[in-house]
Amino acid sequence: MGVWQTVLQGDAISRSVALLLFAMSVASWVVIFWKSWMLRRAVKDVQLSTAAFWQAAHLDDAQQRLQAFDPRRLVLPLLQAARTIEQAAPQTLAAAGDRSQQLTRVLRDALHLVLHRLQFGQVLLATVGSTAPFVGLLGTVWGIYHALTEIGQDGKFRIEQVSGPVGEALVMTAAGLAVAIPAVLAYNVLGRQVARIEADLEGFARDLRELLAYKESAV
């Protein structure tokens, strides 16, 4: 008896559990493939963008270079946020404090927005990795319940009575683990890539703040 036949012979709850596991698996694999491609490109974009920035002659030139080398807008928002200080209206809280404090505030906010985009999908992978085994366990418990019910109704134990429900239970257990394990592994691997990009962006934001703060004090 095949896996699908074992699942289809179950009742509505067993089928619902199987469909839920299937949906969780599809969603996690879509996120895994998409984030793997996106983060691989993001690592290169950040390296090229920061190198292009420091080779620029002035800020306007640097912004034009970033528009060409930063298609995913990971580094450019930091520079754009830092330059908004120049247009801040006087006598407002946005213009309060010294130049370094203003730069710290706007760069922190811009960095959080960029990191939010980079971390998109991580919550889904963590949720699938932590809940899929329990969803499979629900199907397991339900299959064992069916097996015990069959024995209780007949009063005699025959292998034919319990083979179907027990087989269904074992399939649900394996399915829950098969869904959870790739999600957990991907969460850890992709999380390390996000952390690497985050460290590079934080370093660039710190260098940019020091550069612009020094330019202001030197004027």
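Observations
- Among the residues making up the stretch 41-62, those that are part of a helix (DSSP H, G or I), open to solvent by 40 Å² or more (accessible area, probe 1.4 Å), of a type outside the set (Asp, Glu) and without any contact (Cβ under 8 Å) to a residue 40 or more places away in the chain are Arg41, Lys44, Leu48, Ala51, Trp54.
- Of residues in the stretch 112-133 being crowded, with 16+ Cβ neighbours inside 10 Å and more than 21 Å from Trp37 (Cα to Cα), the one farthest from the chain's Cα centre (by Cα): Pro133
- For His112: the one exception among (1) out of contact with any helix residue (DSSP H, G or I) (no Cβ under 9 Å at 6 or more places or on another chain); (2) over 28 Å from Gln64 (Cα atoms); (3) at pLDDT 80 or above: (2)
The values are calculated or read from the model by the stated rules, or taken from the named source; none is laboratory data. Model, not experiment: these values are computed from the prediction. For neighbour counting, all protein chains shown are included, and Cβ atoms are generated from backbone atoms with ideal geometry for every residue, glycine included. Accessible surface is based on the protein model in full, side chains and every heavy atom, while ligands, DNA and RNA are left aside. Shrake-Rupley method; radii C 1.70, N 1.55, O 1.52, S 1.80 Å.
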